[in-house]
Each structure stands twice: as structure tokens, then as C-alpha cells.
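Quick notes on the structure that follows.
The values are calculated or read from the model by the stated rules, or taken from the named source; none is laboratory data. This structure is a prediction, so every number in the text was calculated from the model and none was measured. Virtual Cβ from ideal backbone geometry, glycine too; neighbours counted across all protein chains shown. Just so you know, the surface numbers come from the protein's heavy atoms only, side chains and all, with ligands and any DNA or RNA stripped out. Shrake-Rupley method; radii C 1.70, N 1.55, O 1.52, S 1.80 Å.
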Amino acid sequence: MTPKSALRAEAAALLAFFEAAGAVPVEADLLLPADTLLDLYGEDIRARAYVTHDPDRGELMLRPDFTVPVVQMHMAGGAEPARYTYMGEVFRTQAAGSGRPSEYIQVGYEVFDRADPTRADAEVFALFAQALAPLGLRAVTGDMGILMAAVDTLSTTDARKAALRRHIWRPRRFRALLDRYTGRVALPPARAQLIRAMQAQGAGALIAEAGPEIGLRSAQEVAERLAALVADGAAPPIGAAEAEVLGVILSLKAALPDAYEMLCDVCVDLPGLAPAVDRFAARIEALIAAGIDVGELPFEASFGRTTMEYYDGFVFGFLAPGRPDLPPVATGGRYDAMTRHLGGGREIPAVGGVIRPELVSRLKAEARP
């Protein structure tokens, strides 16, 4: 195991690289308010974060990454445009027997800039590619905005679209919902029975039969949920052609120029996808202008769907070839919606990424003769 002092030296070198690129170094708190993270990620974050309790501040979590506190700091009064860099420990629980560390160092670079988001995407990717070039890593890109736009163009209810968008980062749940919304899978028997009872008796009678109120949900909230289930059950299925096109998008893997051509073809069936595909094209041009050879740069439409769910546009990763045992050496992406959520009415386009110095150090050591 590499001593922590050596890892911090590796991290300091990466920090200096980002500073030289114009980033301002910042610090972030170790303990973050749990309610902020729960609002962003839902209860799923509890399975990935260390939770503690403070008598005055309430429930807290050890920071699972730096992005949330950096966004909070910037939205509280950062200059515009702004570029930040940071280094320090993050903490995430790991599955038993995985062998992966629950505490490790991250070095990051974040850009807040309204002028040209696609150019900022290219700037961040090119900077990471330059920093990691000696390691011979495999880069991969994706675009969560394409997936979200595809969901938004479906001919179905707003409630179903919202559910699909919410579960884009949970592929199994997303697939289960899509199978149900297209009619490929029938409603669970218990839900079908509940809907029939609701239609026959009404919400008031069902709630009265259930007995006295207990728990956190009020009778009104329960009635609203029952009404939503009935409305969902009455909604017509998503058409097979639309579902098929969505499946094509989800499985798309190709070099960036080829992926663009395929997405243009998809726009014939889903014309609402066109603005997202136009941004995709603009990003390709920005990457070329930043010196990136896009001819062989991979695009995977589903890349990023199992990471923390604040990315809502361009995503990227740098992976060690032939080392599926290692997590990505670096990951990043666009998270405009987070600035809206944490900005108190303000928002700004934002993109960034992180590098794991211990993986950089390990790969350097393995490459030595």
C-alpha cells in the first residue's frame, strides 16, 4: 500500500497542474448536512455515505465527494466565471468483500461559466486528458442530456416521464418501469387489486377501512397517492416504436462522429431530441478546437448511469485498459441542475471532474520496469 504521504504528494502535483490552468484552490467541510444530500439523491445516499449525528446541527454525512460543497460555496457568492480546484479525502461505504477503500483522496477541477457550456465541457475533458496522458488510459464519453431528452419526447404522461427521469441512474428500475409503461409486463397483482378497489369504493372508504392514521403520511397524502395510481393505471401504454427507439439510444456505443450520425437518424422518429443532438454536435466541434482527436473517442449513451446522480449532460471517464478490477481513474461531467437546486433561485452552467491520485500512483508504479 502506498503511504498516505506519497499519495498526498501525487495529489499536490495534480492540484498544482489545475492551478496552473487557472483554477483557484478551495477547501470544503468534511461534514455536510444530511438533508442537503438527501434532497439531491434521495434515501439511496444512505447506502453510500457515513452518517452521524450532532446535537446542534442534526444529521450529518462525511462528504461523499466535493461537488456539493463547492457548488454551495460558489452559489453563495462566487465570482463569474470561476474555476476551482481542490484536494482531500472523501468517504464512501463499500460492499463487504469488495476490497475497495472507504476513504480515499480526490483532486478535482470545476468550471462555472455561462458563456459557452460546450466549450467548457471540452476544456475540462482536454485538461484531464492532458493530466493523465502518461498513463495510457482509455477515455469514454456519454451524455445524460440525450437520455433525459429522449424520455421527455415520449408520448406518455408527465408523471411517467418524471418517474423515468428519476430512475435513469438506476438501470434495473428504469427497465422495469419502461416494461410496465409499454405493457410488456402487467401491473403487480396487489397494485391492480388496489386500483380496482379504489375505483369501486373511492379513497375515503379505503382509508377509513385501513384504521387510524399512523406514520408520517397524512390521509390527504395517501388519497393523492391512490389517485395517482389510478391515473397511471388508466394511462395508455407507450408505443412500441418509441420504446424501441429509446432502447436503441440506451445501447448506443460508437466513436463520437458515428454516434452523432446515428443520433441524427433517431431524430427522425423522436424529433424532440434535435436540440440535445445539436448540443452534442457543438461539443464535438469544441473538442476538436481543444485539440482532441474525436475520430476514435468512444461514446456510450449509458455511460454514467450508475454513478452519483447529479450529472445531467456531458459525462466522461478515464479507465485503465485491461483492469476491470479498478474503478475509473477519473470521472466528470455537467451538473447544471445541481446549481439550480442549491442556488436559491439562481443557477449557472457547471462542469467538472475528479481524479483519484492513489490510482495514478499505482498505475505509475506498475508501469515501471
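If you wrap a convex hull around the Cα atoms of region 158-238, how much volume per residue is inside, in Å³?
112
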- Message: For region 38-130, what does the accessible surface come to per residue with a 1.4 Å probe? Please give it in Å².
- Response: 43
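When N is the residue count of region 109-185, what does its C-alpha Rg come to as a fraction of 2.2 N^0.38 Å?
Numbers: Rg = 17.5 Å, N = 77, 2.2 N^0.38 = 11.5 Å.
Expressed relative to 2.2 N^0.38 Å, the Cα Rg reads 1.53.
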- Item | Residue among R63, R180, R334 with the largest mean-square fluctuation in a Gaussian network model of the chain, springs linking Cα atoms under 10 Å | R180
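Taking Rh as the Kirkwood radius computed over C-alpha pairs, what is the Stokes-Einstein D of region 270-360 at 10 °C in a medium of viscosity 1.306 mPa s, expressed in µm² per second?
Numbers: Rh = 15.2 Å.
Roughly 105 µm²/s, to the nearest whole number.
Using the Cα centre of the chain as the reference point, and only Cβ charges (+1 on K/R, -1 on D/E), how large is the resulting charge dipole? Debye, rounded to the nearest 20.
On the way: 38 positive and 47 negative charges, 195 e Å.
The dipole of the chain has a size of about 940 debye.
I'd like the FRET efficiency for E285 and R165, computed as 1/(1 + (r/R0)^6) with the beta carbon distance as r and R0 of 30 Å, rounded to 0.05. Don't skip to the answer; put the middle values down first.
Working: r = 28 Å, r/R0 = 0.93.
The calculated FRET efficiency here is 0.60.
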- Query: Once the other residues with Cβ under 14 Å from the Cβ of L359 are scored (Lys, Arg +1; Asp, Glu -1), what is the net sum?
  - Reply: +2
- Task: Using a 1.4 angstrom probe on heavy atoms only, work out the carbon and sulfur share of the accessible area of the chain in %.
- Result: 55
- Message: To the nearest 20 Debye, how big is the dipole of region 158-238 about its Cα centre, given +1 on the beta carbon of each Lys and Arg and -1 on that of each Asp and Glu?
- Response: 660
- So what does log10 I(q)/I(0) come out to for the chain at q = 0.07, 0.15 Å⁻¹, using the Debye formula with one equal point on every Cα and no solvent? -0.37, -1.40
- Of the candidates A276, I195, G88, the farthest towards the positive dipole end of the chain (Lys/Arg Cβ +1, Asp/Glu Cβ -1, centred on the Cα centre) is I195
- Task: Please sort by residue number the chymotrypsin sites (Phe, Trp or Tyr not before Pro) in region 295-363 whose DSSP state is loop and whose Cβ has at most 12 other Cβ atoms within 10 Å.
- Result: none
- Taking 7 Å along the Cα-to-C-beta vector as the label spot, tell me the D278-L38 distance in nanometres, rounded to one decimal. 4.2
- Listed residue (P33, I105, V68) projecting farthest to the positive dipole end of the chain, Cβ model: I105
- Within a Gaussian network of the chain (alpha carbon springs, distance under 10 Å), most fluctuating of S98, S302, S155: S98
- Message: Positive end of the dipole of region 158-238, charges at C-beta (+1 Lys, Arg; -1 Asp, Glu), about the Cα centre: which of A231, L178, A205 has its Cα farthest in that direction?
- Response: L178
- Output the Cα-based Rg and Dmax of region 85-237 in Å, rounding Rg to one decimal and Dmax to a whole number. 23.3, 69
- Item | Residues listed by number, region 148-176, amide nitrogen under 20 Å from R225 label point at 7 Å toward C-beta | 159-167, 173-174
- Using the heavy atoms of the protein chains alone and a 1.4 angstrom probe, what is the accessible area of region 146-192 per residue in square angstrom? 50
